[in-house]
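Presented below is the structure to which this report refers.
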Amino acid sequence: MAGSVDVLGPILEMMTWVGFVPGVPLLISAWIIARRRCRWATADAEQFAAGGFLGLQWVDQANEEQKVLLDVAARDGSVDSRSVVVHYDVCHPSRCSLQPPRHDNTVLILGWILTGVGIVSTLGGFVLLLL
């Protein structure tokens, strides 16, 4: 039993460093990215046709009218004026979508996994000291 404990100690020490050293900075950078990200808002928009393309117009939170042309060609040059829900970036209203935005959480997930490996390895090292 003493042979496996002697081998397991350095492995847990190495896994502690492998987990904490990249994991904590990834969590910090994920927090910074989340704080700097602009909010997305929702508004009711009207579709219109302009030059053969489909466009959207809506009134944003600051009561300013926004108009955006989409990369979709209008059908037969005429579009029935219909109301749609548009999701737009508050900082950059030209960034809009008809689908809700999906934020990429890869940095956060990877940071939590690596930090978790570091925590488990640290706890395993303390348990190993008690044996």
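Go through W40, C91, L123 and say which Cα lies farthest out towards the positive end of the charge dipole of the chain; charges sit on Cβ, +1 for Lys and Arg, -1 for Asp and Glu. So the residue we want is L123. Free of any trypsin sites (Lys or Arg not before Pro) that DSSP assigns to a loop and that have at most 16 other C-beta atoms within 10 Å, the longest stretch within the chain is 40-81.
Simple point charges give the picture: +1 on the Cβ of Lys and Arg, -1 on the Cβ of Asp and Glu, and for the chain a dipole about the Cα centre of about 180 debye. Calculated from the alpha-carbon coordinates, the range 15-57 shows an Rg and a Dmax of 21.3, 61 Å respectively.
Out of the total accessible area of the chain (probe 1.4 Å, heavy atoms of protein only), what percent is carbon and sulfur? Of the solvent-accessible surface of the chain, carbon and sulfur hold 63 percent. When only DSSP loop residues count, what GluC sites (Glu not before Pro) in the range 25-131 have their Cβ near at most 15 other Cβ atoms within 10 Å? Counting only loop positions with at most 15 other Cβ atoms within 10 Å, the GluC sites (Glu not before Pro) in the range 25-131 are E64.
The mean accessible area for residues of the chain, using a 1.4 Å probe and ignoring ligands and nucleic acids, is 71 Å² per residue.
Tell me the relative contact order for the chain as a rounded percent, counting alpha carbon contacts under 8 Å between residues six or more apart. Intermediate values should be presented prior to the final figure.
Values: 188 pairs, mean separation 46.1, N = 131.
The normalised contact order for the chain reaches 35 percent.
For the chain, the list of Cys residues with no other Cys C-beta under 4.7 Å reads C96.
The values are calculated or read from the model by the stated rules, or taken from the named source; none is laboratory data. Fair warning: this is a prediction, and the values are worked out from it, not measured in the lab. All Cβ positions, even for glycine, are placed from backbone atoms using ideal geometry, and neighbour counts span all protein chains on display. Accessible surface areas use protein heavy atoms only, side chains included; no ligands, DNA or RNA. Shrake-Rupley method; radii C 1.70, N 1.55, O 1.52, S 1.80 Å.
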